[in-house]
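Worksheet: one structure, shown below.
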Amino acid sequence: HHIVSDGWSVDVFLNEIESLYSGDKLEPLDIQYRDFALWQRKYLQGDILDKQLSYWKQKLSEFETLELPIDNVRPAKISYKGGDKHIKFDRELSDNLRGYAKARGYSLYSVLLGVFYVFLNKYTNQEDIVVGAPIANRHYSQLQNLIGFFVNSVALRQLVNPDSSFNSLTKDVHNDLIQVQKYQDIPFEKIVGELNIDKNLSRHPIFQVMFGVQSFGKNKSNFFDLVTKDIEYSVAKYDLSCFIDDSQNELIVSFNYATSLFRE
């Protein structure tokens, strides 16, 4: 559960179990999760806190609420019941996407996020688009092998001009992601509180759509397959979530959607 761990932690946990079953000893950890929690509380104060809050207030000033076309009337309160659809890109398309990113010096994440912005622009006719994205928040080496809840959500905002080239959009997305990483330490809940957003029980604050590219289990063994086989959750945390698995040769796209809003 997210009260104690995140997706990254699952890889750490399974790798440690496999090592122990193989008779290997685990390396002692430099710090514990409580050390990180204490550091975070002390770090996010004074000028550093003010600078981070100022960045997010400016970035999200007068943002637009994304209005996806839905199949049902939006309920008065979020139900959290969800469904999933999985799509596998073939090897050629997957390789072409990776090649496009590499040739231009972008990350695959930037290219796929650019595609997702275009996707949302086409379906909403909105050019000012805000989506949520999980960030691992493990940019210090001592945190790499810790089990705990480090992941933070960030709001990514992009203006999509239908008249500009996709390469121009991807360049903007790439540069924006570099900036966002400098201000990723502040908890998303703190930003929501500072923006004084009116509470709406039918929607999440700031963004209703989540996007991510993940490579969990990239070096997975048969043991990983054994303990994670057929895990499915009939829950939707947001209106729509799109997560792309980059751990195999073929990219796998998973859409998670609120069944109260969308038909399969």
Express the carbon and sulfur contribution to the solvent-accessible surface of the stretch 1-118 as a percent, rounded to the nearest whole number, probe 1.4 angstrom. 54
Rolling a 1.4 angstrom probe over the protein heavy atoms, how many square angstrom per residue are accessible across the chain? 60
CD proxy, 222 nm, the chain: helix-only mean residue ellipticity via -39,500 (n - 2.57) per DSSP H run with n ≥ 4, per residue, nearest 500, stands at -12000 deg cm²/dmol
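Would you mind calculating the gained length between Glu264 and Leu93 on full extension (0.36 nm times residue separation, minus the Cα-Cα distance), in nm to one decimal?
59.1 nm
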Karplus (6.51, -1.76, 1.60) ³J(HN,Hα), θ = phi - 60°, over the stretch 118-127, in Hz, Gly and Pro reported as x: 4, 3, 5, 4, 5, 7, 10, 6, 9, 9
Which lysines, on any chain, are close to Lys85 with Cα under 21 Å apart, when same-chain ones fewer than 8 places away are left out? Lys122, Lys229, Lys237
How far apart, in nm, are the 7 Å Cα→Cβ label points at Leu29 and Ser79? 3.9
Segment Val10-His204, extension gain: residue separation times 0.36 nm, minus the distance between their alpha carbons: 67.2 nm
Projected-area mean, the stretch 1-135, by convex hull of Cα positions, square nanometres: 14.7
With the crude spin-label approximation of a point 7 Å out along Cα→Cβ, what separation in nm comes out for Glu64 versus Ser165? 2.5
Mean 1/r over distinct Cα pairs of the chain, inverted to a Kirkwood Rh in Å, yields 20.4
Students often forget the sequence filter, so: which lysines lie under 20 Å Cα-Cα from Lys57 once same-chain residues fewer than 8 apart are removed? Lys182, Lys190, Lys199
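The values are calculated or read from the model by the stated rules, or taken from the named source; none is laboratory data. Everything numeric in this text was worked out from a predicted model, so none of it was measured. With ideal geometry, Cβ positions are generated from the backbone for all residues, glycine too; neighbour counts draw on all protein chains shown. Surface areas here come from the heavy atoms of the whole protein model, side chains and all, with no ligands, DNA or RNA. Shrake-Rupley method; radii C 1.70, N 1.55, O 1.52, S 1.80 Å.
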